[in-house]
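**Q** I'd like to ask you about the structure that follows.
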Amino acid sequence: MSGEGATGEDAEAGTARFRRKRDAILAAAAEAINEQSAKGMTFADVARRVGLNTTSVTYYFKRKDELAAAAFEHTLDYLLRMLDTAAREPTAADRVRRYLQLNLERLVRVREEAERPLAVLSDLRATEEPARTRLMAGWREVFRRTRALWGAAGTRAAKDLHGARAHVLLENTFWLPVVLARYEPDQWTRVVDRLMDLFAHGLAVPGARWTPELLDLAHEEREPGRAQFLIAATRLINTLGYRGASVQRIAGELNVTKGSFYHHLDAKDELVIACYRRSFDTIGDAQAAADRAGGSHWQRLTSAVATLLDVQFAERAPLLRTTALSGLPVDVRTAMVDRSNRIARRYAGTMMDGAAEGSVRPVDALIAAQALMALQNAAFDMRKWAATMPRERAIAMYGSCLFHGLFDDRALGA
């Protein structure tokens, strides 16, 4: 009997060691994916991070795509557990608040090195079959359970609105690590409280009406061919991620040769940088056009954002998603985030001026501006949702998530 017990204990200990090592490899893979994208991750880099050789890693995961898929599945499972916990709260506002709190608690543990970061999901669509079908089904379940935080939708319009709110909530929690990095750790709770205040009450003062004017952003292109190349690249990178959108695919999108790519740009990194600059210039143009049009600062803010949502939903010349940042060198990534922050500060200035004149509700403008950047950036992913209704309604419904908050049903009458 004692011999059998020892054998069982040895097997259990062996299983525990296997799981610990496997979990360490998954955590290292997540860090590599976040820095280099899933396609940029290598077995050698993951092995280095956990103090193993490459052969040891392949004992747990035979192929790199298998390891990346497992890292993504871990993220999806983690999100589902948080959502299930939040779903136990009595009201929609309580459930959203609890979900934000759970995200904050996780990020605190990561900062204290009690937990490892999750793999960002930006490369999910670029994974290979058969993993892709399974992972996308997992993502749809995350979205469905997030939408369910608002309860049952009695009408199609309510379901559409809950979907928009779910998307805005998820995108803001994904962007939260970048926002928190600008604050001292003892301020993190306050940041999340101020974000929840925005979600609960929006930017609108009592009686404010959503009447934006779509602004004309047309301008003469000095190199029309290069501009078309950037737009095609932006669409593909938004869909497939930085590594998934190959030069060959981008050229094929325009029915040109790879040589045409190098006529316009010297390298792929330069392409992504140029796409970001075009996107940031588009946002800056909308902000400047709104200021030239005049009116209250509420009017300027709603007009700029509505115009950019129209750009995203139309898909003619969309903005590049921040998800492409993970494929860029660190110095370039930092420069792009700095430009994004400057644009966000302009939004913050408009909010503060609006609060002073009484047209915008007093909020923490720096935090609200980052939330607004996340909203307009992620709108590209909602273009199919927007295509199911008149464009004006889609813009009003999606914009309401921050302008009127996540719990105000006036948007149902948009």
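**Q** Please work out which one of (1) in a helix (DSSP H, G or I); (2) modelled with pLDDT of 90 or more is the condition T388 fails and give its number.
**A** So T388 meets the others, but not (1).
**Q** Ok, one more. Just give me the residues in the range 305-361 being touching a Ser or Thr at 6+ places or on another chain (Cβ under 8 Å) and in a loop (DSSP other than H, G, I, E, B), in sequence order.
**A** A317, P318, L319, L320, R321, S359
**Q** Of everything in the range 207-230 that's surrounded by 15 or more Cβ atoms within 10 Å (Cβ to Cβ) and within 24 Å of Q370 (Cα to Cα), which residue is modelled with the lowest pLDDT?
**A** Ranking the candidates gives L217 first.
**Q** To continue, here is another question. Quick one: S340 ticks every box in (1) within 27 Å of A227 (Cβ to Cβ); (2) among the small types (G, A, S); (3) surrounded by 21 or more Cβ atoms within 10 Å (Cβ to Cβ) except a single one, so which number is it?
**A** Against the list (1) within 27 Å of A227 (Cβ to Cβ); (2) among the small types (G, A, S); (3) surrounded by 21 or more Cβ atoms within 10 Å (Cβ to Cβ), S340 comes up short only on (3).
**Q** Please go through the range 80-114 and give me each residue that is surrounded by 17 or more Cβ atoms within 10 Å (Cβ to Cβ) and either within 19 Å of T127 (Cα to Cα) or hydroxyl-bearing (S, T, Y) (or both), ordered by number.
**A** Filtering the range 80-114 for residues surrounded by 17 or more Cβ atoms within 10 Å (Cβ to Cβ) gives 82-83, 86, 93, 95-104, 106-107.
Within the range 80-114, just Y99 meets the criteria.
**Q** With the condition being surrounded by fewer than 16 Cβ atoms within 10 Å (Cβ to Cβ), without any contact (Cβ under 8 Å) to a residue 12 or more places away in the chain and of a type in the set (S, T, Y), I'd like the helices (runs of 4 or more DSSP H) fully within the range 129-206 carrying at least 1 qualifying residues. Quick ask: steps written out before the conclusion?
**A** Details: elements: 131-147, 156-180, 188-201.
The qualifying helices (runs of 4 or more DSSP H) are 131-147.
**Q** Search the range 109-128 for residues being hydrophobic (A, V, I, L, M, F, W, C) and not in a loop (DSSP other than H, G, I, E, B), and hand back the single one that is modelled with the lowest pLDDT. Please lay out each step first, then the result.
**A** Let us first name the residues in the range 109-128 that are hydrophobic (A, V, I, L, M, F, W, C), namely 110, 114, 118-121, 124, 126.
Remaining after also requiring not in a loop (DSSP other than H, G, I, E, B): 110, 124, 126.
Numbers: V110: 95, L124: 79, A126: 73.
My answer is A126.
**Q** Would you kindly identify the helices (runs of 4 or more DSSP H) lying entirely within the range 38-108 that contain at least 2 residues that are within 17 Å of L149 (Cα to Cα) and out of contact with any Ser or Thr (no Cβ under 6 Å at 6 or more places or on another chain)? Before you say what the answer is, go through the steps one by one.
**A** Numbers: elements: 43-50, 54-60, 64-86.
In the range 38-108, the matching helices (runs of 4 or more DSSP H) lie at 64-86.
**Q** Which of the numbered conditions does L319 fail, given that it passes all the others? Conditions: (1) surrounded by fewer than 16 Cβ atoms within 10 Å (Cβ to Cβ); (2) touching a Leu at 6+ places or on another chain (Cβ under 8 Å); (3) of a type outside the set (S, T, Y); (4) within 25 Å of M389 (Cα to Cα).
**A** Only one criterion in (1) surrounded by fewer than 16 Cβ atoms within 10 Å (Cβ to Cβ); (2) touching a Leu at 6+ places or on another chain (Cβ under 8 Å); (3) of a type outside the set (S, T, Y); (4) within 25 Å of M389 (Cα to Cα) is unmet by L319, namely (1).
**Q** Are there any pairs, at least 6 apart or on different chains, whose C-beta atoms fall under 6 Å, with the first in the range 402-414 and modelled with pLDDT of 75 or more and assigned to a loop (DSSP other than H, G, I, E, B) and the second among the aliphatic types (A, V, I, L, M) and surrounded by fewer than 15 Cβ atoms within 10 Å (Cβ to Cβ), and if so, which?
**A** Sorted first by the residue in the range 402-414, then by its partner, the pairs are G405/A200.
**Q** Do we find that V360 is surrounded by fewer than 23 Cβ atoms within 10 Å (Cβ to Cβ), over 13 Å from A164 (Cα atoms) and either among the aliphatic types (A, V, I, L, M) or in contact with a Lys or Arg (Cβ under 8 Å, 6 or more places away or on another chain) (or both) in this structure? It would help to see each step written out before you state the result.
**A** Values: surrounded by fewer than 23 Cβ atoms within 10 Å (Cβ to Cβ): no; over 13 Å from A164 (Cα atoms): yes; either among the aliphatic types (A, V, I, L, M) or in contact with a Lys or Arg (Cβ under 8 Å, 6 or more places away or on another chain) (or both): yes.
So V360 does not fit the description; no.
**Q** When only residues in the range 36-55 that are in contact (Cβ under 8 Å) with a residue 12 or more places away in the chain and among the hydroxyl-bearing types (S, T, Y) count, which is farthest from A24 (Cα to Cα)?
**A** Within the range 36-55, the match that is farthest from A24 (Cα to Cα) is S37.
**Q** Condition first: within 19 Å of the chain's Cα centre (by Cα) and either under 23 Å from T91 (Cα atoms) or charged (D, E, K, R) (or both). Can you find one or more residues in the range 347-363 that meet it?
**A** no
**Q** I've got another one for you. Any residue that is at pLDDT 80 or above, farther than 22 Å from R342 by Cβ and buried (at least 16 other Cβ atoms within 10 Å of the Cβ) - is there at least one of those in the range 251-263? Step through it out loud before you land on a result.
**A** Step one: of the range 251-263, the residues at pLDDT 80 or above are none.
No: the range 251-263 contains no residue that is at pLDDT 80 or above, farther than 22 Å from R342 by Cβ and buried (at least 16 other Cβ atoms within 10 Å of the Cβ).
**Q** Of the numbered conditions (1) surrounded by fewer than 20 Cβ atoms within 10 Å (Cβ to Cβ); (2) not in a loop (DSSP other than H, G, I, E, B), G295 fails exactly one; give the number of that condition.
**A** (2)
**Q** Considering the range 382-407 alone, what residues qualify as being of a type outside the set (F, W, Y) and either surrounded by fewer than 16 Cβ atoms within 10 Å (Cβ to Cβ) or in contact with an Asp or Glu (Cβ under 8 Å, 6 or more places away or on another chain) (or both)? Outline the logic, then answer.
**A** Pass one, the range 382-407, residues of a type outside the set (F, W, Y): 382-384, 386-397, 399-402, 404-406.
The answer is R383, K384, A387, T388, M389, P390, R391, E392, I395, M397, S400.
**Q** Answer yes if at least one residue in the range 306-320 is closer than 26 Å to R182 by Cβ and either more than 19 Å from the chain's Cα centre (by Cα) or at pLDDT 95 or above (or both), and no otherwise.
**A** yes
The values are calculated or read from the model by the stated rules, or taken from the named source; none is laboratory data. Note that the structure is predicted; figures quoted are calculated from it, not measured. Reconstructed Cβ throughout: ideal geometry from the backbone, glycine too, with neighbour counts over all protein chains shown.
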